[in-house]
Amino acid sequence: MSYEYYSSLALVSSVVVYALAMFAHTAEWATALRLGVAKPVARELVDVAAIERGDGQQRPDPVNGREQPVADLLANADTNPAASRRVEQFGRMGVALTVIGFLLSVAGVLTRALAAQRAPWGNMFEFTITAMVFVVGVYLILVWRAGLRWLGLPVTMLAAVGNGLAVTVFYVAVAPLVPALHSVWFLIHIVAAAIAGAAFNVGGLMSILYLIKKRAEDRGTVRGYLERVPDSRKIDLISYRFLAFAFPLWTFTVVAGAIWAEYAWGRYWGWDPKETWALVTWVIYACYLHARSTAGWRGTRAAAIAIIGLASFWFNFVGINLLVSGLHSYAGI
Amino acid sequence: MTTIKTREPAAESGKAAGPELPRLGWRGGLRYLWTQLTSMRTALILLFALALAAIPGSLVPQRRISPVRVTDFINEHPRLGSIYDTLGLFDVYNSPWFSAIYLLLFVSLVGCIVPRIGVYVRALRARPPKTPRNLVRLPAYAAADLADGDHDGLDRAAAALRKRHYRVDVHSDSVAGERGYLREAGNLVFHISLVFVLIGVAIGVLFGFRGTSVVIVGQGFSNNLTQYDDFSAGARFTEADLVPFSVSVKDFEVKFETGPVQRGAARLFRADVEVTEQPGAAPRPEVLEVNKPLRIGDTTVHLIGHGYAPKVTVKDADGNVAFSGPVVLLPQDGNFSSIGAIKAPDARPERLAFEAFFFPTAVLNDQGPQSIFPDALNPALFVNVWHGPPKVETGRPENVYSLDTTGLRQLREADGQPVRIGLKVGDGVNLPEGKGSIQLDGWVRWVKLQIGATPGVAISLIALGFAVTGLCLSLFVRPRRVWIRVRGGEAGRRVVEVGGLDRADARAGLTEDVAELAAELSRRPEDVSAR
């Protein structure tokens, strides 16, 4: 039995466990439907209080998602304590499973590195499993530090799909690197890309959640689990934090890529499809940042741009690798 | 607006605009255009346009990247191809519309940034705004009782703010503090840096050059225009800019994956070369690898390709050697099936020419010979033979990699099939009809060197460093205003009030900071200093 075998075993198991975690979180959302509609009075009070304090800016650290829904929870707890307890149980189960899945995928990445005897970022498969470790790792830290459990469903879905695609579609057996990858920039460029990509993904998931929540708020149909999610303004802010963190890092990724390209291919910028789409992604996120400070564009439109940015990131990663031939094609995939 | 009447064109444009609108005049019109161009909304639209415009270049083949694929595309889709060609879709990144978008974007950027620099300089000298009457109305507010006998509360408040890097103004009953000036500085630095990045790129395009040269192992390259296989340079480049160095390739080592996974993938390219920096200088040995280019002054030499050059000897019908030496063939696939032409124009009485197919690891199957591995494990050369009357030397350059068969006739067997000769190393074969002979003496590798210089790149890289730093400052520095007031409370107690306001997105911890300030100030001075 080789490291490569254990790596595959751990990663396939992680997909299963992430899928179970996703089911647990789905059950969490489903049981939350039984909580009934919150008393509108409670919501009014929260909003009025926020307005009185000056557009709600007084609230503590916006990352701290535990603050806002207290009034709602109290209202709900009165109407259906059993359902409330079940929501809590499923949520905890989801997080516990996510932790197990995370440990399995970390083990998968590490044994893959041992099997290959190099940093495990030589192809799409290895990049995906590493990026998923960053995504879930960041999520778990936020659950622990800031009570961000409401992000559980989208994150576990992303992790299950990401690692699932990796072990099925993207999988390639362990092999050494082609000479173009023998460079210190291999570490710098790819790690930066993986971390920025993880942050883009988490930020993008939150932008989607923002749109859902905002729509429900505007229509006055905030029901079920959506009530446990912080208000849309707060989601927008957390999403912005992730994207604002990712954007300079992505800038650095592109610059580092350009420097490496000079060493490996003899030019800084050659409009290779991957380079082009990295720039397109960069420009879309630049749009996002500008939109947030332009009247009429903040909020819903900015969130939509962030989602387009995420789509562009994914197209660059999956579409360009599989559909278009370019210099970034390594190892078959 | 009265002066406008004396200006004919403006009056006309005023009419054209319709009677409802106020007349702007050309000056006002320009100012209007300028305001529109430099607005954030326009910048947003231009950014979108840039993202959209960059996309077709990644999906449609580009002339500057893969000219062969462009030709293939036009041959396959003649009508679509000509439409694409007219629109510049085969050269997106040099097309007028793409250039227009990014130039407008940069004009918009400059127009936005220049006034903001003035605003920022004034803001740098400005004092923090006066304390609002009602601190309770600020987004964050905290109040605490001052300790008894604490009379220097305001001084300590000012000190506490200064310690937290606020700019502080002390008023009669309150203190005003502001911090986070670096945010706008970072923002300006980022945008200005982008302009410098573009300037650096422009210098590189104007003064730079790039070319490639195929060098057979054992031979060399010296840096003058005649030695380049292809060469492109900027408008301001002159031949005198070429540094007169030379590189001779002593040895070239290649390794390919032989294991079951990714069999045939490249594992090592290493060329041992000798570099002579200028004529007469002592040559120094260097190792040239992928990711390890040679740098000679501003010029870089990259190893960007390799291939096979079979060594052949061609004798003519008279038995004289008409050609002898290595012939560079071009690889066609990952297993280095290579094609090219062997030409013996000096063969007499008839000149000879061969279409050459080289397979480093040759196998024969139904489709004919092919290569199944990129390394030379079982090299074989296959040739078709052409012959014809001697050609007058015209001195006109011709493609060394392909055979122009005008004036030539293909040698055929009795049954009409073309004569096809397969050769292993050391094999020699006499041509039919006594036309002569061809022998495969061996093979050598060749390397493709890319020689180029990109002046101005240092400007771009330094500017990018500044850009990333500025970006981080503009995203992570949080401008914040804090006011602290000491007032009389109930029962003769004195109360310290702290109010705070964040001036940018992603605010965090304002409430905590304000509460902490209030708590710190309410403690006895000795308690604070004792900590």
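Of all residues in region B:242-271 being more than 17 Å from residue B:304 (Cβ to Cβ) and of a type in the set (Asp, Glu), which is farthest from the other protein chains (Cβ to nearest Cβ)? Filtering first and then ranking leaves B:251. For residue A:86, the requirement of being charged (D, E, K, R), within 23 Å of residue A:252 (Cβ to Cβ) and either surrounded by fewer than 21 Cβ atoms within 10 Å (Cβ to Cβ) or within 14 Å of chain B (Cβ to nearest Cβ) (or both) is not met. Taking the listed residues B:422, B:428, B:436, B:416, the one that is in contact with a strand residue (DSSP E or B) (Cβ under 8 Å, 6 or more places away or on another chain) and on the phi > 0 side of the Ramachandran plot is B:436, with no other qualifying. Here region A:295-306 is the region considered, the condition is being in contact (Cβ under 8 Å) with a residue 12 or more places away in the chain, surrounded by fewer than 19 Cβ atoms within 10 Å (Cβ to Cβ) and outside any loop (DSSP other than H, G, I, E, B), and the residue that is farthest from the other protein chains (Cβ to nearest Cβ) is A:300. Restricting A:233, A:219, A:228, A:223 to residues that are free of Cβ contacts under 8 Å to residues at least 24 places away in the same chain and not aliphatic (A, V, I, L, M) narrows the list to A:219.
Consider residue B:136 carefully, then state whether it is of a type in the set (Val, Ile, Thr), farther than 30 Å from residue B:198 by Cα and outside the structural domain of residue B:61 (by TED's automatic domain parsing). Give the derivation first.
Working: of a type in the set (Val, Ile, Thr): yes; farther than 30 Å from residue B:198 by Cα: yes; outside the structural domain of residue B:61 (by TED's automatic domain parsing): yes.
Taking the combined requirement at face value, the residue satisfies it.
Looking across region B:320-338, just one residue is free of Cβ contacts under 8 Å to residues at least 24 places away in the same chain and either touching a Phe, Trp or Tyr at 6+ places or on another chain (Cβ under 8 Å) or at positive phi (or both), and that is B:325.
Please determine whether any residue of region A:197-220 is outside any helix (DSSP H, G or I) and either closer than 26 Å to residue A:321 by Cβ or more than 9 Å from every other protein chain (Cβ to nearest Cβ) (or both).
Yes - at least one qualifying residue is present in region A:197-220.
Confirm whether residue B:450 is out of contact with any His (no Cβ under 9 Å at 6 or more places or on another chain) and either within 14 Å of chain A (Cβ to nearest Cβ) or free of Cβ contacts under 8 Å to residues at least 12 places away in the same chain (or both). So residue B:450 does not fit the description; no. Restricting region B:38-58 to residues that are in a helix (DSSP H, G or I) and more than 7 Å from every other protein chain (Cβ to nearest Cβ) leaves a set whose member that is modelled with the lowest pLDDT is B:42. Scanning region B:397-421 for residues that are more than 45 Å from the chain's Cα centre (by Cα) and either surrounded by 13 or more Cβ atoms within 10 Å (Cβ to Cβ) or hydrophobic (A, V, I, L, M, F, W, C) (or both) yields a total of 8. Restricting attention to region B:457-466, the residues that are surrounded by 19 or more Cβ atoms within 10 Å (Cβ to Cβ) and more than 7 Å from chain A (Cβ to nearest Cβ) add up to 2.
Against the condition assigned to a helix (DSSP H, G or I), farther than 30 Å from residue A:282 by Cα, of a type outside the set (Val, Ile, Thr) and at pLDDT 80 or above, how does residue B:27 come out, does it pass?
Criteria met by residue B:27.
For residue A:237, the criteria (1) surrounded by fewer than 23 Cβ atoms within 10 Å (Cβ to Cβ); (2) more than 30 Å from residue B:256 (Cβ to Cβ); (3) over 19 Å from the mean Cα position of the chain (by Cα) hold in every case but one, which is (3). Within region B:257-311, the only residue that satisfies the criterion of being out of contact with any His (no Cβ under 8 Å at 6 or more places or on another chain), buried (at least 19 other Cβ atoms within 10 Å of the Cβ), at pLDDT below 90 and polar (S, T, N, Q) is B:262.
For the structure I just gave you, tell me whether residue B:143 is in contact with a strand residue (DSSP E or B) (Cβ under 8 Å, 6 or more places away or on another chain) and either surrounded by fewer than 19 Cβ atoms within 10 Å (Cβ to Cβ) or within 14 Å of another protein chain (Cβ to nearest Cβ) (or both). Yes, satisfied.
In region A:282-294, the residues that are more than 7 Å from every other protein chain (Cβ to nearest Cβ) form Cβ pairs under 8 Å with partners that are small (Gly, Ala, Ser), at six or more places apart or across chains, as follows: A:285/A:246; A:285/A:306; A:285/A:309; A:288/A:302; A:288/A:306; A:288/A:309; A:289/A:244. Residues in region A:263-277 that are within 8 Å of chain B (Cβ to nearest Cβ), buried (at least 21 other Cβ atoms within 10 Å of the Cβ) and part of a helix (DSSP H, G or I): A:264, A:273, A:276, A:277.
The values are calculated or read from the model by the stated rules, or taken from the named source; none is laboratory data. In this text, all values refer to a predicted model and were calculated from it rather than measured experimentally. All Cβ positions, glycine included, derive from the backbone under ideal geometry; neighbour counts span all protein chains shown.
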